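Peer 1: First the structure, which I've put down as structure tokens, then a few questions once you've had a look.
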Amino acid sequence: MSEGHPSSRPGFWRTYVFSTDHKTIGIQFLITSLVMLLFGGLLAALMRWQLGWPGQPLAFMEKLAPNGMPGGVMVPEYYNMLFTMHGSIMIFFGIIPILVGAFGNYLIPLKIGAPDMAFPKLNMASYWLMPPAILIMLAGFFVEGGAAASGWTAYAPLSSTLGAGQTCWIISVILVGTSSIMGAINYIATIVSLRAKGMTFFRLPMSIWALFITAIMSLLATPVLAAAVIMLLLDRSLGTSFFLPAGMVVDGVAWAGHSGGQVLLWQHLFWFYSHPAVYIMILPAMGFVSDILPNFSRKPLFGYHSMVYAISGIALLGFLVWAHHMFASGMNPALGTSFMAATMVIAVPTGVKMFNWLATLWRGSIRLTTPMFHACAFLSLFLIGGLTGIFAASMPVDVYLHDTYFIVGHLHYVLLGGSLFGAFAGITYWFPKMFGRMLDERLGLVHGALTFIFFNAVMFPMFILGIGGMPRRIYDWTQYAHLTHFGGLNRMMSVAAFCLVTAQLIFMVNFFWSLFKGKRASENPWDSTTLEWATSSPPPHGNFATPPTVSHGPYEYSVPGRATDWVAQNAAS
Amino acid sequence: MKSVKHSCWNRALTAAALLLAGAAEPAWAFGQGGARFWFPPAVSSYGAQVDRLFLIVLAITGAVFFLVEGALLWFLIRYRRRDGSKAAYIHGSTRAELIWTVIPALIVLYLAVASQRVWAHIQGPPPPHQLELEVQGEQFAWNVRYAGPDGALHTADDLETINQLHLPVGQVVLINLASKDVIHSFFLPQFRIKRDAVPGMTSRIWVQATVTGNFEIVCAELCGLGHYRMRGFVTIETPEEFRAWLAQVQQEQHT
């Protein structure tokens, strides 16, 4: 258990580097994942270069990647490495750590009125597994044969046949998975046991509900991923045959000694983790949006209880839909039917959330601040991500769209339009609490608007490409006769992608400028109700001068007969 | 030094021109005919059913899209903060929440039934077939195997082609999919069918072409560095032409 206030002041290393303070760890996760998001975005921009102008040289890349882009011209292997690393980095080191690692750590103790996490040292360990995981993943670029190149999904047996970069990928995923499990245990223990007096489960803010359910999903699903990648490692290094059937002949060499393995087993295990992982990547964002919309509408969250049941339902169903990624894999078509049915059902709780958010805005008093802009962008873009998921759920349609750009568009609307806009809503909302200074509103809105425009300009045409039959993960699409007319569209998307990456400079300027020169933030600059705003900005070590007592729900805005239009959760009555 | 600077400027200008052209081109292309930004024409017996199902989903999701985005924009404008107005103190409405639980549930039930009907037709037991053949994926080619005069596959008189799949129009053809090394995915965009070729197992699909013509086989599952060039060719011809082609292959391979 946490010790509260230590008597002696910790030194520099204990304060800023090997800190057990959940706020420091949260900020460490935040900075790490922002850097990785930027890096992943740059990898995507390189891919867009190849897709927009296939085979054209990009002179400065010759020095940066002499093997991957000799003379500045990309080779096919390097393209495969780029999308593999882009996906792996964005998911494992970008989205999951920013939503779960950064906000989970920073917000959970503050919002439930606790001095710190239940297991501060475990918490520190969960962060310090990230840097080695990142270094090992990136080391793949420098080993013989280059980085992993079998996609972030690492389908066996292709992933069984690739070189040392794939081993780096496996080890990195084991480390990052361990980090997730540690974090999940900590979050669950903290939320269950360290809630302030009066903070019942149905007074928890939605962000905490979302992080709680995310942690449960993470705890149940991540060990399956760990098992799968360890089996893959054993197949590669010790000659086991979990995923390797008899009779494979790869590149003219017979793979004798392997028999009895099931290729599809990898996909079942991988998606048993990775479909819940999609919800691990979206539920926290839904939680943040559910906190932000009521605040800037000055109105209680519409249907709080049904929102809790909806995310619980999404989480439960999220474990029953994994094989909808496998409609074209050759598994029994009857299985396809049951997985389609479960997938369709997920649309119901998701719809409940969407309509409840809209109803929250209805008859509100809306201030379109930067966090609110990002939360509304989340609604608008996640809607597209969700609706295009229905095309993918309808198996005969999915058989056509599977592994085309339609799916790439769909997942980016969910993960960038949804998760990352949710994350930016969170950053802009909680920045004053984290750093004690306000972000610049004008820069924030300009960044948000440009990101929204360029994001749509890159991702929406992907649906058109997918409908046109353009496969994903393809180094040179120009050879296919049915795609020849997509040159202009692909170039436009590439231009928009470069602009999208460039627009992030505005965010960086805003972030660093405001960090040092921004207006000082008060304790509660947004007139918010929840507990993190009932302490100084930034909060001290131990969070609260006196432990808060909770007597109100999380969204008591515009209560009739009150002097202010908000009632803090810890207000006396 | 000067020439270096000069070439930098040149490059920057070229890049700027490329970027501008990139933005202008698709706008022009859209003006020329949006129809090209749609499905490639369907040429299989079930292609129209898949396209129709797609349109049903598009109509429903399109309606929801405009409804929700419209409401979002309307609320943001209508309920923007104004002096003197106060937000309503409402926690929810069981009735409203029931409505937007039940209606989506009915819609997805309908979509599930509609999807299942097409699915059962395409992926269920195939109709009586006139031809059976095997396609084996291999890094990075499609090996096509037809039965020889004995009418059976995997016998000494089999006929084999690489990346050349000929099919008789109008006939139901069973295709057994296999793989020699890693997973490939046999994708015929105009046929609206795709199925992985998985090592260690055989997968079966059926197709029935409705028109003659030349099309392509796309590999849709990442299979290694040459994945992008794993392209095959499909020729749909009349049964007479098909028989003549097969006889010619027979002559080349077994005489």
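Peer 1: If the requirement is being free of Cβ contacts under 8 Å to residues at least 60 places away in the same chain and surrounded by fewer than 13 Cβ atoms within 10 Å (Cβ to Cβ), which of these qualifies: B:W38, B:W74, B:W100?
Peer 2: One residue alone meets the criteria, B:W38.
Table: residues versus (1) in contact with a Leu (Cβ under 6 Å, 6 or more places away or on another chain); (2) crowded, with 20+ Cβ neighbours inside 10 Å.
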{"site": "A:F12", "(1), (2)": "no, no"}
{"site": "A:Q28", "(1), (2)": "no, yes"}
{"site": "A:V35", "(1), (2)": "no, no"}
{"site": "A:M69", "(1), (2)": "no, yes"}
{"site": "A:F83", "(1), (2)": "no, yes"}
{"site": "A:H86", "(1), (2)": "yes, yes"}
{"site": "A:I98", "(1), (2)": "no, yes"}
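To keep it simple, each residue is scored yes or no on (1) of a type outside the set (V, I, T); (2) touching a Gly at 6+ places or on another chain (Cβ under 6 Å); (3) modelled with pLDDT of 95 or more; (4) under 20 Å from B:I103 (Cα atoms).
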position	(1), (2), (3), (4)
A:G351	yes, no, yes, yes
A:F355	yes, no, yes, yes
A:T360	no, no, yes, yes
A:P371	yes, no, yes, no
A:L381	yes, yes, yes, no
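Peer 1: Which pairs do you get when a residue that is at the interface with another protein chain (Cβ under 7 Å from one of its Cβ atoms), found in region A:330-355, comes within reach of a residue that is among the basic types (K, R), reach meaning Cβ atoms under 8 angstrom, with the pair 6+ apart or on two chains?
Peer 2: Close Cβ pairs satisfying both conditions: A:G330/B:R195.
Peer 1: What are the residues in region B:214-224 that are at the interface with another protein chain (Cβ under 7 Å from one of its Cβ atoms) and under 14 Å from B:E138 (Cβ atoms), if any?
Peer 2: Of everything in region B:214-224, those that are at the interface with another protein chain (Cβ under 7 Å from one of its Cβ atoms) and under 14 Å from B:E138 (Cβ atoms) turn out to be B:E221, B:C223, B:G224.
Peer 1: Taking A:P396 and the conditions (1) in contact (Cβ under 8 Å) with a residue 40 or more places away in the chain; (2) surrounded by 24 or more Cβ atoms within 10 Å (Cβ to Cβ), which numbered condition does it fall short on, given that it satisfies the others?
Peer 2: Failed condition: (1).
Peer 1: Might you check whether a residue that is at the interface with another protein chain (Cβ under 7 Å from one of its Cβ atoms), closer than 18 Å to A:R491 by Cα and either within 24 Å of the chain's Cα centre (by Cα) or at pLDDT 95 or above (or both) occurs anywhere in region B:20-29?
Peer 2: yes
Peer 1: Check A:F119, A:F60, A:F92 and return the single one that is of a type in the set (A, V, I, L, M, F, W, C), crowded, with 23+ Cβ neighbours inside 10 Å and either at pLDDT 95 or above or out of contact with any strand residue (DSSP E or B) (no Cβ under 9 Å at 6 or more places or on another chain) (or both).
Peer 2: So the residue among A:F119, A:F60, A:F92 that is of a type in the set (A, V, I, L, M, F, W, C), crowded, with 23+ Cβ neighbours inside 10 Å and either at pLDDT 95 or above or out of contact with any strand residue (DSSP E or B) (no Cβ under 9 Å at 6 or more places or on another chain) (or both) is A:F92.
Peer 1: Quick one: what pairs do we get from region A:420-432, first residue touching a residue at least 60 places away in the same chain (Cβ under 8 Å), second part of a helix (DSSP H, G or I) and of a type in the set (D, E), C-beta under 8 Å, 6+ apart or different chains?
Peer 2: Filtered contacts from region A:420-432: A:Y429/A:D291; A:W430/A:E532.
Peer 1: Starting from region A:484-495, take each residue that is more than 7 Å from every other protein chain (Cβ to nearest Cβ) and list its partners that are among the small types (G, A, S) and not in a helix (DSSP H, G or I), counting only C-beta distances under 9 angstrom and pairs at least six apart or across chains.
Peer 2: Pairs that qualify, where the first residue is more than 7 Å from every other protein chain (Cβ to nearest Cβ) and the partner is among the small types (G, A, S) and not in a helix (DSSP H, G or I), are A:F486/A:G468.
Peer 1: Considering B:R52, B:R117, B:R80, which residue is of a type in the set (K, R) and either assigned by TED's automatic domain parsing to the domain that holds B:K194 or in contact with a strand residue (DSSP E or B) (Cβ under 8 Å, 6 or more places away or on another chain) (or both)?
Peer 2: Every option except B:R80 fails the conditions.
Peer 1: Can you pull out the residues in region A:459-492 that are under 23 Å from the mean Cα position of the chain (by Cα) and either surrounded by fewer than 24 Cβ atoms within 10 Å (Cβ to Cβ) or part of a loop (DSSP other than H, G, I, E, B) (or both)?
Peer 2: A:F460, A:P461, A:F463, A:R472, A:R473
Peer 1: Going by what's in this entry, would A:M81 be described as farther than 30 Å from A:L129 by Cβ and within 14 Å of chain B (Cβ to nearest Cβ)?
Peer 2: The answer is no for A:M81.
Peer 1: Checking A:F296 against (1) surrounded by fewer than 24 Cβ atoms within 10 Å (Cβ to Cβ); (2) of a type in the set (F, W, Y); (3) touching a Gly at 6+ places or on another chain (Cβ under 9 Å): exactly one of these is not met. Which one?
Peer 2: (1)
Okay, residues lined up against (1) more than 9 Å from chain A (Cβ to nearest Cβ); (2) of a type in the set (V, I, T):
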{"position": "B:L165", "(1), (2)": "yes, no"}
{"position": "B:N176", "(1), (2)": "yes, no"}
{"position": "B:S179", "(1), (2)": "no, no"}
{"position": "B:L188", "(1), (2)": "yes, no"}
{"position": "B:W206", "(1), (2)": "yes, no"}
{"position": "B:T212", "(1), (2)": "yes, yes"}
{"position": "B:R229", "(1), (2)": "no, no"}
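Peer 1: Still on this structure, I have one more. Which one of these is closer than 23 Å to A:P109 by Cβ and crowded, with 22+ Cβ neighbours inside 10 Å: A:T530, A:T535?
Peer 2: The unique qualifying residue is A:T530.
Every residue, every condition in (1) of a type outside the set (A, V, I, L, M, F, W, C); (2) within 22 Å of A:G247 (Cα to Cα), yes or no:
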| position | (1), (2) |
| --- | --- |
| B:G151 | yes, no |
| B:A156 | no, yes |
| B:T161 | yes, yes |
| B:Q171 | yes, no |
| B:I175 | no, yes |
| B:A178 | no, yes |
| B:V182 | no, yes |
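Peer 1: In this structure, is A:T451 touching a residue at least 40 places away in the same chain (Cβ under 8 Å), touching a helix residue (DSSP H, G or I) at 6+ places or on another chain (Cβ under 8 Å), more than 12 Å from chain B (Cβ to nearest Cβ) and of a type in the set (V, I, T)?
Peer 2: yes
Peer 1: Here's a follow-up. Does A:G261 count as assigned to a loop (DSSP other than H, G, I, E, B) and either at pLDDT 95 or above or buried (at least 19 other Cβ atoms within 10 Å of the Cβ) (or both)?
Peer 2: yes
Peer 1: Among the candidates B:V64, B:V135, B:V68, B:V50, single out the residue that is touching a residue at least 40 places away in the same chain (Cβ under 8 Å), surrounded by 13 or more Cβ atoms within 10 Å (Cβ to Cβ), within 8 Å of chain A (Cβ to nearest Cβ) and of a type in the set (V, I, T).
Peer 2: B:V50 is the lone residue from the list that is touching a residue at least 40 places away in the same chain (Cβ under 8 Å), surrounded by 13 or more Cβ atoms within 10 Å (Cβ to Cβ), within 8 Å of chain A (Cβ to nearest Cβ) and of a type in the set (V, I, T).
The values are calculated or read from the model by the stated rules, or taken from the named source; none is laboratory data. All values reported here derive from a predicted model rather than from experimental measurement. We place every Cβ from the backbone using ideal geometry, glycine too, and count neighbours over all the protein chains shown.
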